[in-house]
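**Student:** Structure provided below as structure tokens; questions to follow.
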Amino acid sequence: MTDLEYLQLALDEAVAAGQAGEVPVGAIIVCNGEVLVRAQNRVLRDSDPTAHAEVVALRMAGKALGNHRLNGCTLYVTLEPCSMCAGAMVHARLDRVVYATADPKAGAAGSVLSVINHPRLNHQMKLDSGLLAEESGELLRAFFRERR
């Protein structure tokens, strides 16, 4: 599969999160060319401020692999990770992160902060963005328009 196809799977999770009343963010983790886990925001459903799609995916992947290190894995997510999620990704030792749309208010992959690949941190990962940015951004805008 291609990055575009993997991000589409993450976007499908984001749509499902929005339908469940959550902020529509979805994530998947791919290891060795196989989708290991699919996740979505669960903050409201789990009453857990840390249950962002990325953290949910990291937890699931760690359990699936029986290891807290996710070497060789790529995380695909529909929104630029926040500082909490970016920090968790560094600790998980992901090889790569691919996100769809930037988050100009809380993004920690370069928009507001640069947690991912900060030169003083002990782990660096490949970072790509922009695929399905318009689709992901519109999903988020529509979600918040409905709530205002």
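FYI, it's all coordinate maths here, none of it is from the lab. Predicted, not measured: the structure shown is a model, and the values here were computed from it. For neighbour counting, all protein chains shown are included, and Cβ atoms are generated from backbone atoms with ideal geometry for every residue, glycine included.
**Student:** Return the total of residues in the stretch 5-23 being crowded, with 24+ Cβ neighbours inside 10 Å and closer than 13 Å to Arg45 by Cβ.
**Tutor:** Number satisfying all stated conditions: 1.
**Student:** Considering every residue within the stretch 19-42, establish whether at least one is among the acidic types (Asp, Glu), touching a strand residue (DSSP E or B) at 6+ places or on another chain (Cβ under 9 Å) and more than 19 Å from Ala142 (Cα to Cα).
**Tutor:** The answer is no; no qualifying residue exists.
**Student:** Within the stretch 13-23, identify whether any single residue is over 12 Å from the mean Cα position of the chain (by Cα) and among the charged types (D, E, K, R), and answer yes or no.
**Tutor:** Yes, that holds for at least one residue.
**Student:** Sort through Arg148, Arg120, Arg141 and tell me the only one that's surrounded by fewer than 15 Cβ atoms within 10 Å (Cβ to Cβ) and either over 23 Å from Pro49 (Cα atoms) or touching a helix residue (DSSP H, G or I) at 6+ places or on another chain (Cβ under 9 Å) (or both).
**Tutor:** Checking each option against the conditions leaves just Arg120.
**Student:** Restricting the search to the stretch 107-147, which residues are touching a residue at least 60 places away in the same chain (Cβ under 8 Å) and assigned to a loop (DSSP other than H, G, I, E, B)?
**Tutor:** Selection gives Leu131, Leu132.
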